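As structure tokens, the structure follows; a few thoughts come after it.
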Amino acid sequence: MTSGSAAAPAHGHGHETAPHPRLMHHFDSLEQQKESSTLGMWTFLVTEIMFFGGLFLLYTVYRLQNPQAFAAASRELDVPLGLINTFVLIGSSFTMALGVHAAALGKRRAVVVWLLATVLLGSAFLGVKVVEYQHKFAHHLVPGPSFAPEHIEPELRRGAEVYFSLYFAMTGLHATHMILGIPVLLVLALLAHRGYFDRRYNTPIELFGLYWHFVDIVWIFLFPLLYLIDPRGH
Amino acid sequence: MSDHIVPFKTYLGVFVALMILTFVTYAAAYENFGSHTLNVAIALGIAVTKATLVVLFFMHVKYSPRMVAVFVVVGFAWLALMIVGILTDYWTRGWIGQ
């Protein structure tokens, strides 16, 4: 299959003995195929930037219109849990990066281990999110007829309800991305375990890494914007 | 394309930097810098720095073909254009009646 692939040249103009089994016939080389795939993935991620971007724009406009209500509503969130979850998610980005690293080195077992570690950390993040959401339901912080925050002055409640609408929309869309990502990670881990990838062909792992890191970036902005508006109070 | 393999040390360094910056974001939110706008600017500055680290190193854009970098920059530029463009309206709307 790929005997001696370590010494394989980056750009194959030459007559290679047998084409790599994962090389599609409409590409000249694995490198060209990978470059094309990477650009395609980034094109998708640009649409994701605009997808989340619309919500960030809404957030900005409503926060400028209701600064005090947003600050008061933000104080209802559990900052320590948010901070821990930020560490957990950055940790999962790190294990993902190490999975991609191991794939580039052709270390099959390490790839499986790092991908599963990413699944574990991603699941931990979602678990904390479940606890947080439960708290919001229990304390009547979910927008709608039962919205009745105890600690927020009546004149700020309308704005606080807008804040929580955005809180659930943004963290919900973010969590949805992770919920969709975890099964893909499991499939990639299974394929890696079965030897589907090698050091010359591991594009799916690398591209999934891009997706996972993108989700991490979204949270890097969500954490300060949702949890840390004015935690001291006044 | 990138036959370049990013060394483990680079990943570790970026990870540690991201963790420290996360803690700085948290600590800075409790500090009083004199104006609330400054707090927002610091929080967003740190977030942009973290995002840039992730894009360049974890997402390999530093080691990818130029065309990938063009796609990334254009994506974020369009987002900035959308937000700035809309805010020129919303942010300044209240100024008129005063």
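Tabulated data
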read-out	value
Proximal charge balance of B:N32 [Cβ under 15 Å; K/R count +1, D/E count -1]	-1
222 nm mean residue ellipticity, helices alone, for chain B (DSSP H n ≥ 4; -39,500 (n - 2.57); rounded to 500)	-25500 deg cm²/dmol
Shape call, chain B: gyration tensor on alpha carbons, a/c limit 1.5	oblate
Cross-link table A:K34/A:K107; B:K9/B:K50; A:K34/B:K62; A:K107/A:K129; A:K129/B:K9; A:K107/B:K50, entries beyond 26 Å C-alpha to C-alpha	A:K107/A:K129; A:K129/B:K9; A:K107/B:K50
A:T17 paired with A:V131, simple spin-label distance in nm, labels 7 Å along Cα-to-beta-carbon	5.6
³J(HN,Hα) computed for each position of region A:113-121 - Karplus, 6.51 cos²θ - 1.76 cosθ + 1.60, integer Hz, glycine/proline x	4, 5, 5, 5, 4, 5, 4, 5, 5
Karplus-derived HN-Hα couplings along region A:195-202 (A = 6.51, B = -1.76, C = 1.60, θ = phi - 60°), whole Hz, x at Gly and Pro	x, 5, 9, 9, 5, 8, 10, 8
Charge dipole magnitude, Cβ of K and R +1, D and E -1 - region A:83-234, Cα centre, debye nearest 20	780
Degrees, to the nearest 10: B:66-96 long Cα axis against longest axis of chain B	10
Selection from A:L126, A:F214, A:L105 lying farthest towards where the dipole of chain A points positive, charges on Cβ	A:L105
Whole-Hz ³J(HN,Hα) from phi, Karplus 6.51 cos²θ - 1.76 cosθ + 1.60, for region B:7-19, glycine and proline x	x, 4, 4, 4, 4, 5, x, 5, 4, 4, 4, 5, 5
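FYI, it's all coordinate maths here, none of it is from the lab. On a predicted model such as this, the values are computed, not experimentally measured, just so you know. Using ideal geometry, Cβ is built from the backbone for each residue, glycine included, and neighbour counts are taken over all protein chains shown.
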